[in-house]
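The values are calculated or read from the model by the stated rules, or taken from the named source; none is laboratory data. Since the model is a prediction, treat every value here as computed from it, not as a measurement. A quick note on method: Cβ atoms are made from the backbone with ideal geometry, for glycine too, and the neighbour counts reach across all protein chains shown. Note: areas computed on protein heavy atoms with side chains; ligands, DNA, RNA excluded. Shrake-Rupley method; radii C 1.70, N 1.55, O 1.52, S 1.80 Å.
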Amino acid sequence: QVLLVESGGGLVQPGGSLRLSCAANGFIASLFGLYLMGWYRQAPGKQRELVATATAGGTTTYADSVKGRFTISRDNAKKTVYLQMNSLNPDDTAVYYCNAYRAGGPRSGYWGQGTQVTISS
(Lines give C-alpha, C1' and ligand atoms only; values in the text may rest on other atoms or scores of the structure.)
Protein backbone atom coordinates (compact mmCIF):
# COMPACT_ATOMS: atom_id res chain seq x y z
CA GLN A 1 0.00 0.00 0.00
CA VAL A 2 1.38 3.37 -1.00
CA LEU A 3 1.25 6.11 1.54
CA LEU A 4 2.52 9.68 1.54
CA VAL A 5 3.41 10.96 4.98
CA GLU A 6 4.00 14.67 5.47
CA SER A 7 5.81 16.22 8.41
CA GLY A 8 7.40 19.49 9.44
CA GLY A 9 4.41 21.76 9.77
CA GLY A 10 3.87 24.05 12.72
CA LEU A 11 3.43 27.58 13.97
CA VAL A 12 6.01 30.19 13.03
CA GLN A 13 6.19 33.96 13.11
CA PRO A 14 6.07 36.06 9.95
CA GLY A 15 9.44 36.08 8.27
CA GLY A 16 10.30 32.66 9.60
CA SER A 17 11.08 29.40 7.85
CA LEU A 18 9.85 25.84 7.81
CA ARG A 19 10.89 22.71 5.99
CA LEU A 20 8.24 20.20 5.07
CA SER A 21 9.03 16.59 4.26
CA CYS A 22 7.00 13.97 2.47
CA ALA A 23 8.00 10.33 2.66
CA ALA A 24 6.63 8.10 -0.07
CA ASN A 25 6.15 4.85 1.82
CA GLY A 26 5.27 1.72 -0.09
CA PHE A 27 6.45 3.11 -3.41
CA ILE A 28 8.69 0.81 -5.41
CA ALA A 29 12.07 2.55 -5.40
CA SER A 30 12.70 1.95 -9.08
CA LEU A 31 9.38 3.55 -9.97
CA PHE A 32 9.60 6.60 -7.72
CA GLY A 33 11.42 8.48 -10.44
CA LEU A 34 8.38 8.16 -12.68
CA TYR A 35 6.32 10.28 -10.32
CA LEU A 36 5.86 13.98 -10.54
CA MET A 37 5.97 15.08 -6.93
CA GLY A 38 4.09 18.14 -5.84
CA TRP A 39 3.10 20.24 -2.89
CA TYR A 40 -0.36 21.74 -2.68
CA ARG A 41 -2.01 23.83 -0.01
CA GLN A 42 -5.51 24.66 1.10
CA ALA A 43 -6.35 27.64 3.24
CA PRO A 44 -9.65 27.87 5.15
CA GLY A 45 -12.50 28.70 2.79
CA LYS A 46 -10.30 28.43 -0.29
CA GLN A 47 -9.70 25.83 -2.95
CA ARG A 48 -6.64 23.65 -2.90
CA GLU A 49 -3.87 25.23 -4.96
CA LEU A 50 -0.64 24.02 -6.45
CA VAL A 51 2.47 25.31 -4.71
CA ALA A 52 5.36 23.53 -6.42
CA THR A 53 6.28 20.45 -8.41
CA ALA A 54 9.48 18.56 -9.09
CA THR A 55 10.36 15.84 -11.57
CA ALA A 56 12.95 13.20 -10.83
CA GLY A 57 15.26 14.95 -13.25
CA GLY A 58 15.15 18.16 -11.27
CA THR A 59 12.73 20.27 -13.24
CA THR A 60 10.70 22.42 -10.87
CA THR A 61 7.71 24.71 -11.11
CA TYR A 62 6.31 27.18 -8.59
CA ALA A 63 3.20 29.20 -8.02
CA ASP A 64 3.87 32.88 -8.55
CA SER A 65 3.00 33.57 -4.92
CA VAL A 66 5.91 31.48 -3.62
CA LYS A 67 8.60 32.03 -6.25
CA GLY A 68 11.84 33.14 -4.68
CA ARG A 69 10.71 32.05 -1.21
CA PHE A 70 9.98 28.33 -1.48
CA THR A 71 12.21 25.58 -2.82
CA ILE A 72 11.06 22.08 -3.69
CA SER A 73 13.56 19.26 -3.80
CA ARG A 74 13.51 15.50 -3.80
CA ASP A 75 15.81 12.70 -2.76
CA ASN A 76 14.92 9.85 -5.08
CA ALA A 77 17.03 7.35 -3.17
CA LYS A 78 15.12 8.13 0.01
CA LYS A 79 11.80 8.49 -1.83
CA THR A 80 11.29 11.79 -0.10
CA VAL A 81 10.34 15.24 -1.28
CA TYR A 82 10.92 18.46 0.61
CA LEU A 83 9.56 21.97 0.62
CA GLN A 84 11.81 24.64 2.10
CA MET A 85 9.72 27.68 2.93
CA ASN A 86 11.38 30.99 3.74
CA SER A 87 10.09 34.50 4.37
CA LEU A 88 6.76 33.11 5.44
CA ASN A 89 3.79 35.41 5.78
CA PRO A 90 0.24 34.94 7.09
CA ASP A 91 -1.03 34.29 3.54
CA ASP A 92 0.99 31.07 3.59
CA THR A 93 -1.17 29.69 6.38
CA ALA A 94 -2.79 26.50 5.10
CA VAL A 95 -2.78 22.75 5.24
CA TYR A 96 -0.01 21.57 2.97
CA TYR A 97 -0.46 18.33 1.04
CA CYS A 98 2.02 16.15 -0.78
CA ASN A 99 1.01 14.59 -4.10
CA ALA A 100 2.56 11.92 -6.28
CA TYR A 101 1.32 11.63 -9.84
CA ARG A 102 2.27 9.49 -12.80
CA ALA A 103 0.55 8.59 -16.04
CA GLY A 104 -1.31 5.34 -15.61
CA GLY A 105 -1.76 5.79 -11.90
CA PRO A 106 -4.75 7.20 -10.02
CA ARG A 107 -6.33 10.10 -11.90
CA SER A 108 -5.39 12.68 -9.30
CA GLY A 109 -2.38 10.84 -7.98
CA TYR A 110 -1.71 9.84 -4.41
CA TRP A 111 -2.25 12.28 -1.55
CA GLY A 112 -0.87 12.62 1.92
CA GLN A 113 -2.94 13.49 4.95
CA GLY A 114 -1.67 17.05 5.09
CA THR A 115 0.33 19.06 7.59
CA GLN A 116 -0.80 22.36 9.10
CA VAL A 117 1.33 25.44 8.60
CA THR A 118 0.33 28.53 10.56
CA ILE A 119 2.05 31.87 10.25
CA SER A 120 1.18 34.21 13.08
CA SER A 121 2.79 36.58 15.52
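I'd like to check one number: the per residue accessible area of region 1-96, probe 1.4 Å, reported in Å² as a whole number. Before the final figure, lay out each step's value.
Details: 4930 Å² over 96 residues.
Per-residue value: 51 Å².
Region 104-121 and region 44-66 have Cα centres separated by 11 Å. Accessible surface comparison of T53, T61, probe 1.4 Å, protein chains only, largest first: the order is T61, T53. For a paramagnetic label modelled on D75 (point 7 Å from Cα along Cα→Cβ), amide N atoms under 19 Å away belong, within region 14-33, to 18-33. Using C-alpha pairs below 8 Å separated by at least 6 residues, the relative contact order for region 82-121 is 48 percent.
When the Cα atoms of the chain are enclosed in a convex hull and the volume is divided per residue, what value in Å³ results? If you can, show how the numbers build up before the last one.
Working: hull volume 11.7 nm³, N = 121.
With only Cα atoms used, the chain gives 97 Å³ per residue.
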